[in-house]
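Scroll down for the structure; my scribbles are underneath it.
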Amino acid sequence: MSFEEQMNNIYPKENSIPAEYRIKEIFQKEYLMDGEIRTWNGPQQEVLSPIYLQGDKGLYPKKLGSYPLLTGKEAMEALDSAQKAYNNGCGEWPTMTVEKRIKCIESFAYKIKEKRTEVVNLLMWEICKNYADSCKEFDRTLEYILDTVNALKELDRASSRFIIEQGIIGQIRRAPLGVVLCMGPFNYPLNETFTTLIPALIMGNTTIFKPAKFGTLLFQPLLQAFRESFPKGVVNTLYGEGKVVIPPIMSSGHIDVFAFIGSASVANTLEKQHPKPNRLRRVLGLGAKNPGIILDDADIDLTVKECLLGTLSYNGQRCTALKILFVQKKIADQFLEKYCAAVSKLKMGMPWESGVDITPLPESHKTDHMLELIQEAIAKGAKIINPNGSRSNKTIMFPAVVYPVTEKMKLYTVEQFGPVVPVVPFESIETPIQYIIHSNVGQQASIFGKNPDMIGKLIDPLVNQVCRLNINSQCQRGPDSFPFTGKKDSAEGTLSISDALRVFSIRTIVAAKAEEANKEILTNITRGRKSNFLNTDYIL
Ligand code: G3H
């Protein structure tokens, strides 16, 4: 089949979809608030899949269902519910023993495990992540929850002792911060929502979470597990348009932590609405334009493999994706020939098809936006150098390798977040170094080469610009025990399994002068288990 025919016939007929991947529409009316699954009878947001189907009258987007479009009133109810559950730190959840909180989280993990098939299918239909990566997102999330439990046990064990310093006895533990608003991105709607929600919860905060703009319905199968696993008001779901439901709660001044992974412009608009900025803690994962620097002695095959994964896995829609490649002129032709050949082998199709790499894009008009960026680069002297690059049909687009990209083109600085690979040739290593220095973002970078002298020389300036430098490997968040953060406009706060426990809590001390009477009081409290905070219990 020619590429043309393949592209024209890319979308399936409904009856040709394997039975296990077909989807039943979900008309979700439920939302979780104040410990109840409530029913919404107001307006609904229709959910259309990025996947089109072939019908008698041509292509049509598959309808997946709808979810509640709550209003500012329900948003304030969610806030009220989270505040009541926190009760100025006196609520059941923030004062509960760590051991009991861990039990709730473990029960939640156990319950959601059963929902894997449903959630994986929704990930494929809502955001078009391929089957293998959708399974990985689910499994990685479950693993993250269990690893978080272990990390907290370890942290708790280290805090289960008294310290005596300069005649003062103290016990230092971590206490919660209050009401946390969690908002995840559409590209990892489950995983990246949970990488803030779970640590926020386990540290004793109460939460409101707003599902991402795509990948919303996949939380519906999990609502019961949330309701059954946590005390009333500890988890509240906020469905609806961000610009409607977030401003009222933010401007109330009662959100204590804003955990957000997404674009800087949305984060800035929302956090500005908080009237007491010093009281709002921020945990942000924002934009990135991670460069790959390919030196002239790079192992071409390995570099092609890593750059292919780095630039185009999940269609380039990862915050950690390599979004620009700098290639030293001496090997540019050789690298590009092999890289373009590898791009040509990428399989386009529907997410459930085996071995598929390139799938439809969830954001509306995304292919148009990609084409505009490409056209602008072409008008300024670049070319699409791979066969069929940028050919599209509705929401799917075959990746375009654009070369040579220069600083005059938008693709040089704009975070494309899609299947376009800008490539910049360079002679002097100063070109990529200066690019990184002058970039507004500073998440990660990759260096490909063999010479330890050269790589060593690059490490020192670059580690002060980005937070992870990858040698001969693509940029990535994992393993989740590694710190995930960024400099400049890329992030605020550090996430990893153990760091997340810290960002959602604060070190708090109970201290007393080491006098006999005080020692007796402290001993009495701990032996008699009179406080959940001040205790010497050791969780195994
Ligand atoms: O979208 C950003 C994600 O954190 C990237 O995670 O590198 O594991 O794909 P990943």
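Available extension along the chain between Ser531 and Glu36 is 175.2 nm, counting 0.36 nm per residue and deducting the alpha carbon span.
Can you flag which of Lys410/Lys457; Lys289/Lys366; Lys129/Lys153; Lys100/Lys530 are past 22 Å Cα-Cα?
Working: Lys410/Lys457 30 Å; Lys289/Lys366 18 Å; Lys129/Lys153 34 Å; Lys100/Lys530 16 Å.
Among Lys410/Lys457; Lys289/Lys366; Lys129/Lys153; Lys100/Lys530, the Cα-Cα distance tops 22 Å for Lys410/Lys457; Lys129/Lys153.
Take the Cα of Asn150, step 7 Å toward its Cβ, do the same at Ser251, and the gap between the two points is 4.7 nm.
Whole angstrom only: what separates the Cα centroid of the stretch 524-540 from the Cα centroid of the stretch 148-220? The stretch 524-540 and the stretch 148-220 have Cα centres spaced 22 Å from each other.
Computed on the stretch 290-485, with alpha-carbon pairs under 8 angstrom and 6+ residues apart, the relative contact order is 28 percent. For the chain, adding -39500 (n - 2.57) for each run of n ≥ 4 DSSP H residues and dividing by the number of residues yields -11500 deg cm²/dmol at 222 nm. Note on Trp125: accessible area is roughly 0 Å² with a 1.4 Å probe, heavy atoms of protein only.
How much of the DSSP beta bridge set in the chain is antiparallel, as a percent to the nearest 5?
On the way: 34 of 73 bridges.
That works out to approximately 45 percent antiparallel.
Relative to the current alpha-carbon distance between Ala514 and Arg279, full extension at 0.36 nm per residue lengthens the span by 81.3 nm. Solvent-accessible surface (1.4 Å probe) assigned to Lys347 amounts to roughly 80 Å². Neighbours of Val257, meaning other residues whose beta-carbon lies under 9 angstrom from its beta-carbon, give a summed charge of +1 when Lys and Arg score +1 and Asp and Glu score -1. In this structure, Glu165 and Ile539 have a Cβ-Cβ separation that, at R0 = 30 Å, corresponds to a calculated FRET efficiency of about 0.75.
As a test of reading the structure, rank Glu46, Glu20 by solvent-accessible area (1.4 Å probe, protein chains only), most first.
Numbers: Glu46 90, Glu20 120 Å².
So the residues, ranked largest to smallest area, are Glu20, Glu46.
I'd like the distance separating the alpha-carbon centroids of the stretch 231-252 and the stretch 402-437, in whole Å. After rounding, the separation between the Cα centres reads 39 Å.
Ranking Gly242, Cys475, Trp40 by Cα position along the charge dipole of the chain, where only Lys, Arg, Asp and Glu carry charges on their C-beta atoms, puts Trp40 farthest toward the positive end. The stretch between Thr97 and Glu427, if pulled fully straight at 0.36 nm per residue, gains 112.8 nm over its current Cα-Cα span. When only the Cβ of Lys, Arg, Asp and Glu is charged (+1, +1, -1, -1), the dipole of the chain relative to its Cα centre reaches about 880 debye.
Peptides 448-454, 356-362: what's the order by average Cβ count within 10 Å, highest mean first? Don't skip to the end; give the middle numbers.
Numbers: 448-454: 15.1, 356-362: 23.7.
Packing proxy ranking, top to bottom: 356-362, 448-454.
Between the alpha-carbon centres of the stretch 109-124 and the stretch 10-74 there is a gap of 16 Å. Of all complete DSSP H helices in the chain, those with a Cα span along the helix axis of 30 Å or greater and a mean Kyte-Doolittle hydropathy of -1.0 or more are 131-159.
Once the Cβ-Cβ distance of Lys345 and Asn268 is raised to the sixth power relative to R0 = 41 Å, the FRET efficiency obtained is 0.50.
Counting only heavy atoms of the protein chains and using a 1.4 Å probe, Ile509 has close to 110 Å² of accessible surface.
The values are calculated or read from the model by the stated rules, or taken from the named source; none is laboratory data. Just so we're clear, the structure is a prediction, and the values are computed from it rather than from any experiment. Quick reminder, even Gly has a Cβ in these numbers, built from the backbone with ideal geometry, and neighbours come from all protein chains shown. What goes into the accessible areas is simple: the full protein's heavy atoms, side chains included, and nothing from ligands, DNA or RNA. Shrake-Rupley method; radii C 1.70, N 1.55, O 1.52, S 1.80 Å.
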